[in-house]
Each structure stands twice: as C-alpha cells, then as structure tokens.
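**Student:** Sharing a structure here in structure tokens format.
The values are calculated or read from the model by the stated rules, or taken from the named source; none is laboratory data. Everything quoted here is computed from the prediction, not taken from an experiment. We place every Cβ from the backbone using ideal geometry, glycine too, and count neighbours over all the protein chains shown. Ligands, DNA and RNA are excluded from the accessible area calculation, which covers all protein heavy atoms including side chains. Shrake-Rupley method; radii C 1.70, N 1.55, O 1.52, S 1.80 Å.
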Amino acid sequence: MAEFVSSFITGWSEVVKENICHFLPKVKIINVYDGMIHYKYDGNSRDIERIPYFNNTFFVLQSFLNNKTDFSKMVSTVAKKKHFYLISKGSFRVRFSKENQFCKVDKNVARNAENVVIQNSKLSIDRLNPTTEIWYVIRRENFSFCGQLLSKREFTEKNLNKGELRPEVAYLMCCYANIQPEDVVLEPFAGYGSIPIQISKHFKYSKLFVSDIDSERIADLQQKKHLKKENIFIEECSVFDLPTKRSEISCVITDPPWGYFEEIADITKFYVDMFESFRQICRENCKIVILTARVENFIQAAENSNVKLTNRINTLINGKKASLFKCELM
C-alpha cells in the first residue's frame, strides 16, 4: 500500500483519526501527530483530495523514525533506493522544512536531492514555478519524511470575510459534535454560514435552525444554495430571543462572538445569558459544542451557569489561541 502524510490544523488529531475512515474506508493509520497524520491507502489518491480539512498531502518516498536525523543523512538514504513518483512528468523543485519552517541547506545537499529526482523520473528542475515539489520534512516528534507534494490548500484568510470561520474548522466542529440523523441542530450565531453550510453538505440531520442578529447576513444565507432545503429554517433572531417552541433542539454547534470585534461590555455575562437561553430551547442531554478564544471568560460563565464542560480541544484560529468545548446543561 502507498504511504501518505497529510497536515491539518493543530489540535484536531483525535477527530481526524476517527473521521478519515469516512473518506478512505480502507485506510491504515500508521501514526497521528499534532497537525499531521501518516497513513497507508491503496485506493485512488484523488480520494484524499476530497477530505475538507487536509492542508498539504504528500506521497511518502521515505520515512525516518529518528529525531537525530538531518537533511544530509535523509538525502543520502533516499539516494540509495530507486523511487517512483505519482507525478512523474513536468517540472519540480526540492524544499526543506524543519519544524514547520522552510530552511536553507548546503548547496551540495540540495543538488544531491535534485539529482535523485532526475535519475528516477522524467521531471526537470524549475525552482520558481514547478508542477510538483519534493519536500524533506523534519518534525519535532520522532518522525521525519521525504515526500512528493500532491495537493495543497490554496484557500487562505484573504478568501474570507472578517470574522468568517474557516470551512475546515466548521467541518471539524460538526464531526466533534457527532451529528446524528435524528438530531435537531441549532446555529444561533450563523454569521457567514460556515457551520450550517458544512452541516448541509456533509451530514445527515432531522432539522437545522439557523439564526443571526444581522439582517444582511440572514439575507445572504437565504440565497445560498446549500441552505435552500425544506428542513433548514433561517431567520433574523437574537440568541436571547430564540422561540421557546424549539424545545426540540438536541444539538447546538456555534462560534459565538469573542468580544474582540463586537461591542460587548461584559463577555462573561454574555456567555451566561447565552447558556440561559439555551436552557429554554434544548432537550435534556442536548449536545453543545462552542468555539471561543475567550477561554477564561467562557469557563467562568460555565461555572456561573451550572454548565459542565465535558471535553476540550485547544487549537489556533487565524493564528489566535482558541478552544472548542463540549458542554452539558446541568
């Protein structure tokens, strides 16, 4: 079976480990690191490109389980074997990365690495605009590898509106919530719709209630094709004024305001009031998944509201430390 390495947002290792089988049913996981998974897969490599939370994916040419390795030793080891490349025509360049930072190496090491590719493929050198790349990667963990870059996420913060949640984060949040076909789901801070769109595209559910206080956002959401379904209900509504007739809610997934861009005088009280509103509409044992960067305020609000925090993922959102919480209303 071919070996691959794929990277993803830090903190989500356990979620990715459980979810990858959904996209690659016959996958064999070798190991999972923070922000990276090493696995074997015998199917079409294009299947991997469908996974929404992967950033870079590599076809592994050689792996190294030795934290004392260096680029010179890695290149020498790779040079001793004959390799084939999934992309074998066009142009290439070689890159060296240590602890998630590109770095320069001795010119002889770089040339040797390039010669290995030339001798094993029909690829030609193009250091500026190649059709494929060969990476030598050294990680903090006891794992390094040489691999061919197959795909990389082109989507960046420049493609997002201010405050918009990345789609891969929204998808992972929904995985973490373990949405079931019988669930009635609520997203009360819908914003640009990252979470409800991922729910609609990838998950089975009974009903989905989508609301936001911003009339412009609501108007935009009502026009999105993925949200035009009979069991999706969109309306302009404050989280503090949710219709109590929705006491059927069995799952809440949301990214509420963090108080950095919005005028919120007391963010802790805001979260307390939010929990109180949830009590009015949620079923017993409702699953609640909330993302926030105001971690201390959120924990204090949970204590003040008799809310149990059952699990937590620490991650980075646009370079800012944040946490995803699972909550239970006591």
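**Student:** Given the Cα-Cα distance of Gln300 and Gln223 and 0.36 nm per residue of separation, how much length would full extension add, in nm?
**Tutor:** Residue separation times 0.36 nm, minus the Cα-Cα distance, leaves 23.9 nm.
**Student:** Given an 8 Å cut-off on Cα distances and at least 6 residues of separation, report the relative contact order of the chain as a percent.
**Tutor:** 13 percent
**Student:** Please work out the average accessible area per residue across the chain, using the 1.4 Å probe convention, and give it in Å².
**Tutor:** Solvent-accessible surface per residue comes out at 52 Å².
**Student:** Using the beta-carbon distance between Lys204 and Ile30 and R0 = 25 Å, what value does 1/(1 + (r/R0)^6) give for FRET efficiency, to the nearest 0.05?
**Tutor:** So the FRET efficiency works out to roughly 0.25.
**Student:** Please identify the chymotrypsin sites (Phe, Trp or Tyr not before Pro) of the stretch 235-313 that satisfy two criteria: DSSP loop assignment and at most 16 other Cβ atoms within 10 Å. Which are they?
**Tutor:** Answer in residue order: Tyr260, Phe261.
**Student:** Another one. At 7 Å along Cα-to-Cβ for each site, give me the label-to-label distance between Asn159 and Met330 in nm.
**Tutor:** 4.3 nm
**Student:** If you take every residue apart from Phe92 with its C-beta less than 15 Å away from the C-beta of Phe92, what net charge results, scoring Lys and Arg +1 and Asp and Glu -1?
**Tutor:** Surrounding charge for Phe92 is +4.
**Student:** Rg to Rh ratio, the stretch 56-112, alpha-carbon atoms and Kirkwood radius?
**Tutor:** Over the Cα atoms of the stretch 56-112, Rg/Rh equals 0.93.
**Student:** On to the next question. For the chain, which cysteines have no second Cys with its Cβ under 4.7 Å from theirs?
**Tutor:** By the Cβ distance rule, which asks for a partner under 4.7 Å, the isolated cysteines are Cys21, Cys103, Cys146, Cys174, Cys175, Cys237, Cys251, Cys327.
**Student:** So which chymotrypsin sites (Phe, Trp or Tyr not before Pro) in the stretch 39-84 are both in a DSSP loop and have at most 13 other Cβ atoms within 10 Å of their Cβ?
**Tutor:** Phe84
**Student:** May I ask you to give the percent of accessible area on the chain that is carbon plus sulfur, with a probe radius of 1.4 Å?
**Tutor:** 45 percent
**Student:** Compare Glu328, Glu284 by solvent-accessible area with a 1.4 Å probe and give them largest first, with all protein chains kept in place.
**Tutor:** Glu284, Glu328
**Student:** If you don't mind, another one. Let me check against my output: what whole-number percent is the relative contact order of the stretch 96-189, with C-alpha pairs under 8 Å and at least 6 apart?
**Tutor:** Contact order relative to length: 21 percent.
**Student:** Compute the distance from the alpha-carbon center of the stretch 133-198 to that of the stretch 208-237, in whole Å.
**Tutor:** 22 Å
**Student:** Choose one of Ser250, Gln222, Gly43: the residue whose Cα lies farthest towards the positive end of the charge dipole of the chain (beta-carbon charges +1 Lys, Arg; -1 Asp, Glu; about the Cα centre).
**Tutor:** Final value for the positive-end residue is Gly43.
**Student:** Mean separation of Cα pairs under 8 Å and 6+ residues apart, divided by the residue count of the stretch 1-97: what relative contact order is that in percent?
**Tutor:** Reported as a whole number, the value is 31 percent.
**Student:** Another question about this same structure. In debye to the nearest 20, how big a dipole does the chain give about its Cα centre with +1 on each Lys and Arg Cβ and -1 on each Asp and Glu Cβ?
**Tutor:** Charge dipole, the chain, about its Cα centre: 2040 debye, nearest 20.
**Student:** Follow-up question, since we're still on this one. Do any trypsin sites (Lys or Arg not before Pro) in the stretch 193-224 lie in a loop, going by DSSP, with at most 11 other beta-carbon atoms within 10 Å of their beta carbon, and if so which?
**Tutor:** Lys204
**Student:** Could you give the length gained on full extension between Lys40 and Ala2, defined as 0.36 nm per residue of separation minus the Cα-Cα distance, in nm?
**Tutor:** Here the answer is 13.1 nm.
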